[in-house]
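Asker: Structure below; questions to follow.
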Amino acid sequence: MSCDYKEYKQADIGGAKVNYLEYPGNGPSLIMLHATGFLPWVWHPVARGLSCDYDVTAPFFCKHREPNMENGGIGWKDLARDLVKLMEVLEVKRPYYMVGHSMGGAVATLATALFGLQPEAMVLIEPIILPEQFYGFNPTVEQHPLASKSIKRRNHWEDRQEAREYLLSKKFFASWDPEVLEIYLQYGIVENSGGLTLACQPDKEAALFLGSSQENPWPVLAKLHCPVLVLEGETTENKGIIPFEKAAAAMPNGEFQIVKGAGHLIPMERPRKTQALIKEFFESL
């Protein structure tokens with residue numbers, strides 16, 4: 001079996017069914033968590049390079065819960081609990097490792113600090129650990145700067161070519177690695193009745209953004225006792241807004257590193273560099 005052999009599966013975690021991408025391997029388990037509104041397939045170029053040494057699992061945290069807009073959206077603490085349940089169903093045993101990007105980094109943090117996961121080490125790529133004043137309130141979709149944009153996201157294309165032209169016209173996708181962009185075009189935009197739509201629907205993405213402010217992770221960062229590498233993109237739009245270096249310093253074994261030539265979407269922009277950083281960090285322990 002080649003190292004990049006993969007399967008797309010579904011697991012019943014009790015009250016919800018979670019889809020996940022799996023790269024079966026003989027090494028220790030590696031859980032990879034995607035950013036808000038994305039999907040496990042964007043990890044493929046990174047996971048493919050790691051799957052010779054790890055048994056990789058990448059969940060799809062978007063479709064499995066209802067948006068619940070009137071009650072704070074989809075809380076990230078709930079996603080952390082779902083992650084724990086998924087790992088129990090899949091019988092993930094120690095030793096295991098975790099990688100999380102953006103929302104995925106925050107979910108990995110909460111799952112470890114609040115629900116007792118014990119990874120050997122973690123790599124958190126721009127985890128959304130907001131300044132403390134952003135927690136403890138429930139904005140509406142209209143009041144939330146990111147949810148209000150995502151709910152209006154374009155969600156229909158006639159065919160694959162129209163979708164491709166749309167993505168290529170957007171500055172947001174201009175810095176993406178070409179392979180990752182093609183993967184997103186194939187799996188992030190899916191066939192639906194009468195054309196193509198987003199795999200993670202705008203209302204689900206908006207609900208995930210709303211859920212980001214429900215649980216303050218700062219008081220529990222000290223509970224992350226395993227080695228943690230926090231990565232920040234050199235040109236990230238989060239610079240001066242999200243204190244990634246401060247978050248790393250609050251973890252007992254936290255390290256901080258800037259990834260040159262990358263913005264917030266480090267795995268999509270620099271997948272080979274991302275793979276190398278993950279592999280290097282885990283193997284250095």
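The values are calculated or read from the model by the stated rules, or taken from the named source; none is laboratory data. Please read these numbers as outputs of a predicted model, since none were measured by experiment. Here Cβ is always computed from backbone atoms with ideal geometry, including for glycine, and neighbour counts include all displayed protein chains. What goes into the accessible areas is simple: the full protein's heavy atoms, side chains included, and nothing from ligands, DNA or RNA. Shrake-Rupley method; radii C 1.70, N 1.55, O 1.52, S 1.80 Å.
Asker: Quick one: count up the residues across the stretch 158-180 that are among the hydrophobic types (A, V, I, L, M, F, W, C) and in contact (Cβ under 8 Å) with a residue 24 or more places away in the chain. Spell out the reasoning first.
Answerer: Keep residues of the stretch 158-180 that are among the hydrophobic types (A, V, I, L, M, F, W, C), which gives 163, 167-168, 172-174, 176, 180.
From the residues that got through so far, the ones that are in contact (Cβ under 8 Å) with a residue 24 or more places away in the chain too are 163, 176, 180.
Qualifying residue count, the stretch 158-180: 3.
Asker: OK, next. Looking at 27, 72, 105 in this structure, which one is on the phi > 0 side of the Ramachandran plot and in contact (Cβ under 8 Å) with a residue 24 or more places away in the chain?
Answerer: From the options 27, 72, 105, the qualifying one is 72.
Asker: When the residues of the stretch 235-263 are narrowed to those that are touching a Gly at 6+ places or on another chain (Cβ under 8 Å), touching a residue at least 40 places away in the same chain (Cβ under 8 Å) and of a type outside the set (A, V, I, L, M, F, W, C), which ends up farthest from residue 216 (Cα to Cα)?
Answerer: Going through the qualifying residues, I end up with 263.
Asker: All but one of (1) outside any helix (DSSP H, G or I); (2) more than 29 Å from residue 235 (Cα to Cα) hold for residue 83, so report the exception by its number.
Answerer: Result: residue 83 fails condition (1) only.
Asker: Would the stretch 7-20 turn up any residue that is farther than 27 Å from residue 185 by Cβ, open to solvent by less than 20 Å² (accessible area, probe 1.4 Å), in contact with a His (Cβ under 9 Å, 6 or more places away or on another chain) and in a loop (DSSP other than H, G, I, E, B)?
Answerer: Yes, that holds for at least one residue.
Asker: Out of the stretch 212-227, which residues are over 21 Å from residue 62 (Cα atoms), part of a helix (DSSP H, G or I) and touching a residue at least 12 places away in the same chain (Cβ under 8 Å)?
Answerer: Hits for the stretch 212-227 are 218, 220, 221, 222, 223.
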